[in-house]
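In what follows, a structure is listed as structure tokens, so that the remarks can point back to it.
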Amino acid sequence: MKKRVLYLLVLVFCLNNAANLHGQIVSKQTQIDSMLTVLNNSKDDTLKVHTMNSLVLQLVYTGGYRMADSMVNEELKLANALEYKRGIAHAYNSMGVVANYQSDYSHSLEYLLKSLEMFEALRDTDGLGISYKYIGAVYAHQGDTSAAFDYFRKAVITLNALRDTNYVASTLISMGNLYETENMHTHALENLRKSFRFFSKINNKDGEASALMYIGGVFKNEKSYDSARTYVLCGKQIFEELKDDDGISRSLDLLGVISMADNKYAEALAYENNSLSLAKKIGSLECTMIAEKTMSDIYEKKGDGVNALMHYRAYMASRDSIFSQQNTLKTLSAEMSYADEKKEAAKKAADDKKEALHAEEIKRNKAVITGVLGVLKVLTLFVIFMYRTNRQRKKANIIIERKNFQITQSIDYAERIQRAMLPDISEIHGLLPESFVLFKPKDIVSGDFYFLQKKDDKIVLAVADCTGHGVPGGFMSMLCSEKLSDSIYQTQNTGEIMEHLNKGVKSSLHQSGSEDSMYDGMDIALCVIHPVVNGMKLNFAGALRPLWIIRSGTNEVEEISPTPRTIGGFTPNDQEYATYIIQLHKGDVFYMFTDGYVDQFGGETGRKYGLKRFKEFLISIHNFPMESQQKELATCIETWRGNNLQLDDMLVVGVKV
């Protein structure tokens with residue numbers, strides 16, 4: 001049932017985007033045709049340089065690497081003949097992009113560093129931001145994460161100041177993928193989701209597809225395979241509509257990796273064969289290398305040593321072509337050349353300054369005596385100033401202490417208001433006798449909240465995580481709790497409740513899509529419980545928060561996946577949320593929770609607690625009385641946290657039938 005719903009979500013997403021994607025394909029081909037027309041008819045050579053530069057990038061993004069390589073060389077020749085420095089800088093930048101897409105990293109870095117040097121001389125901020133981004137991409141491909149992060153951050157800061165949404169979004173994708181290689185899943189998802197929101201804002205379907213694919217990769221690493229497939233299939237569908245063969249090949253490989261991790265080897269090999277064929281067709285060494293390595297891994301897991309070795313040798317051959325010793329030496333040479341030129345320029349500037357200082361030396365010597373007298377005068381004034389400042393500081397400290405006391409009182413009062421809005425534990429036990437609530441706010445007030453309300457013969461139970469924590473999170477939680485209460489009076493179908501809730505939050509926060517709008521929101525798991533003979537029937541819907549069930553007599557967690565969109569924020573007004581009907585029997589236990597518990601750092605190595613460890617712990621205690629489960633969970637996370645700070649609000653709710 002869960003798998004069918006996930007694939008239906010994929011189909012709905014793809015159908016909703018089909019019309020827009022077709023428009024972009026036509027638009028992209030129309031742009032290329034239009035540029036070729038301008039290039040053939042224009043008599044303005046400067047305009048030709050700009051047109052060639054735009055055409056090269058369009059050809060690269062559509063897989064036309066050979067034509068792009070030829071065109072960029074013509075662009076550089078014309079810019080040099082015109083002595084057009086900005087055009088030369090952009091030509092070197094485009095040459096670096098073409099080389100990077102063809103996995104020629106040494107030449108790519110050489111061209112990009114040359115471009116960076118020229119943009120610095122021209123004080124071209126836009127050019128600098130673009131160069132930073134592509135240099136970071138080259139370092140990321142070569143495994144130098146420290147240098148890659150450094151250049152990516154420079155790119156985001158520079159381009160964000162220029163409000164260049166497209167380049168900021170693509171840089172965030174690169175940063176998200178780099179965080180994922182460091183196993184920093186939360187940071188990876190944060191950057192990738194930001195990227196998707198930026199791309200959606202400007203209707204960039206290429207970017208949306210890439211973001212979806214890489215989000216799927218993160219879920220794969222967290223072993224949420226159905227969620228991973230959902231995102232990657234959506235991305236692949238967009239790449240297919242855009243006829244982006246490189247993107248299709250990478251999507252197929254990632255689907256193969258997901259199927260391999262899920263022990264579905266036949267399905268994995270089918271994906272990888274298609275990925276490899278397409279990679280060879282378009283001449284992509286990197287895609288070929290990745291597909292060969294994955295196929296070797298699949299055959300090794302199957303126990304087929306012959307095929308595993310054959311594909312591993314093919315992988316090594318592709319890798320050696322990319323990362324040869326000559327490539328490494330050329331890369332180092334390019335960096336050293338750029339560094340030497342910078343040092344030479346700095347040396348010349350230092351020599352000029354030294355000559356100027358020498359001319360001023362005699363004049364300064366004459367001023368020494370006057371300076372000493374001036375210093376004595378300044379010291380006298382300084383003593384007087386420090387005396388007065390000390391008096392003023394004491395007065396200011398008294399005022400600050402009073403203000404802090406008033407602020408703390410206000411926050412404490414806000415906490416009492418929030419507590420008053422939360423259901424009382426005795427009320428919860430009255431409706432659900434076998435249940436517990438573990439609620440640990442990070443600060444005095446919380447962005448997480450739990451909700452309970454009896455409606456006719458049914459019980460509505462929810463666990464929610466609003467944007468932020470502390471005072472801002474507290475405001476959001478009270479607003480969202482009120483909107484949830486309003487939505488329940490509209491319908492008792494959880495999917496429809498979520499739709500009303502999404503519209504209500506967006507309306508209250510005036511989330512219109514403009515740049516000035518707030519994009520805060522809420523993740524939530526929502527159940528409508530209908531008690532029946534020997535059990536209960538659940539009507540469940542989720543927005544990025546799942547439902548976990550452990551059936552009586554089993555030691556496995558059954559996961560009901562949520563709809564992969566939040567409430568409010570960038571979510572469309574007409575977003576639909578999947579509804580599940582689940583029959584529970586006596587002795588079954590279900591859990592709902594926010595992400596604060598599993599994201600807490602601690603243990604001997606300072607890593608996250610994680611979903612896998614959380615599942616195993618729930619399985620080990622699910623037969624305990626519910627009050628004991630709450631105590632065990634609280635003790636476990638405090639022991640895990642140790643001396644580390646609590647990073648987020650924590651909320652876990654458990655109910656036994």
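Computed quantities for the displayed model
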quantity: Evaluation of residue 203 against (1) in contact (Cβ under 8 Å) with a residue 40 or more places away in the chain; (2) open to solvent by less than 10 Å² (accessible area, probe 1.4 Å) (one fails), failing number; calculated: (2)
quantity: Options 295, 289, 213, 260: the member that is among the hydrophobic types (A, V, I, L, M, F, W, C) and over 26 Å from the mean Cα position of the chain (by Cα); calculated: 295
quantity: Any hit, the stretch 283-290, residues being assigned to a helix (DSSP H, G or I), on the phi < 0 side of the Ramachandran plot and acidic (Asp, Glu); calculated: yes
quantity: Close pairs (8 angstrom Cβ cut-off, 6 or more residues apart or separate chains): over 12 Å from residue 206 (Cβ atoms) in the stretch 236-260, open to solvent by 10 Å² or more (accessible area, probe 1.4 Å) and not in a helix (DSSP H, G or I) anywhere; calculated: 245/63
quantity: Condition broken by residue 510, with the remaining ones in (1) more than 25 Å from the chain's Cα centre (by Cα); (2) part of a loop (DSSP other than H, G, I, E, B) satisfied; calculated: (1)
quantity: Exclusive hit being in a helix (DSSP H, G or I), modelled with pLDDT of 80 or more and among the aliphatic types (A, V, I, L, M), set 47, 15; calculated: 47
quantity: Within the stretch 167-191, considering residues that are open to solvent by 20 Å² or more (accessible area, probe 1.4 Å) and β-branched (Val, Ile, Thr), the one nearest to the chain's Cα centre (by Cα); calculated: 186
quantity: Candidate set: the stretch 129-147, residues that are part of a helix (DSSP H, G or I) and surrounded by fewer than 20 Cβ atoms within 10 Å (Cβ to Cβ); chosen: the one modelled with the lowest pLDDT; calculated: 141
quantity: Some residue of the stretch 520-534 being part of a loop (DSSP other than H, G, I, E, B), in contact with a Phe, Trp or Tyr (Cβ under 8 Å, 6 or more places away or on another chain) and either modelled with pLDDT under 85 or surrounded by fewer than 21 Cβ atoms within 10 Å (Cβ to Cβ) (or both); calculated: no
quantity: Flag for residue 94 being in a helix (DSSP H, G or I), under 24 Å from residue 319 (Cβ atoms) and not aromatic (Phe, Trp, Tyr); calculated: no
quantity: Of residues in the stretch 117-139 being in contact (Cβ under 8 Å) with a residue 40 or more places away in the chain and not hydroxyl-bearing (Ser, Thr, Tyr), the one nearest to residue 93 (Cα to Cα); calculated: 127
quantity: Test: residue in the stretch 69-84 that is closer than 30 Å to residue 180 by Cα and without any contact (Cβ under 8 Å) to a residue 60 or more places away in the chain; calculated: no
quantity: Within the stretch 88-118, tally of residues that are over 25 Å from residue 283 (Cα atoms) and either of a type in the set (Val, Ile, Thr) or at pLDDT below 90 (or both); calculated: 1
quantity: Meets criteria (modelled with pLDDT under 65 and either over 30 Å from residue 257 (Cβ atoms) or open to solvent by less than 90 Å² (accessible area, probe 1.4 Å) (or both)) for residue 333; calculated: yes
quantity: Some residue of the stretch 457-480 being touching a Phe, Trp or Tyr at 6+ places or on another chain (Cβ under 7 Å) and assigned to a loop (DSSP other than H, G, I, E, B); calculated: no
quantity: Search result, residues across the stretch 582-616 that are open to solvent by 60 Å² or more (accessible area, probe 1.4 Å) and either under 19 Å from residue 645 (Cα atoms) or outside any helix (DSSP H, G or I) (or both); calculated: 583, 585, 586, 601, 604, 605, 607
quantity: Count of residues meeting criterion [touching an Asp or Glu at 6+ places or on another chain (Cβ under 6 Å) and either open to solvent by 40 Å² or more (accessible area, probe 1.4 Å) or free of Cβ contacts under 8 Å to residues at least 24 places away in the same chain (or both)] in the stretch 261-304; calculated: 1
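The values are calculated or read from the model by the stated rules, or taken from the named source; none is laboratory data. In this text the structure is predicted, and so the values were computed from the model without any measurement. In this analysis, Cβ positions are derived from the backbone assuming ideal geometry, glycine residues included, and neighbour counts consider all displayed protein chains. Surface accessibility is based on the protein's heavy atoms, side chains included, excluding ligands, DNA and RNA. Shrake-Rupley method; radii C 1.70, N 1.55, O 1.52, S 1.80 Å.
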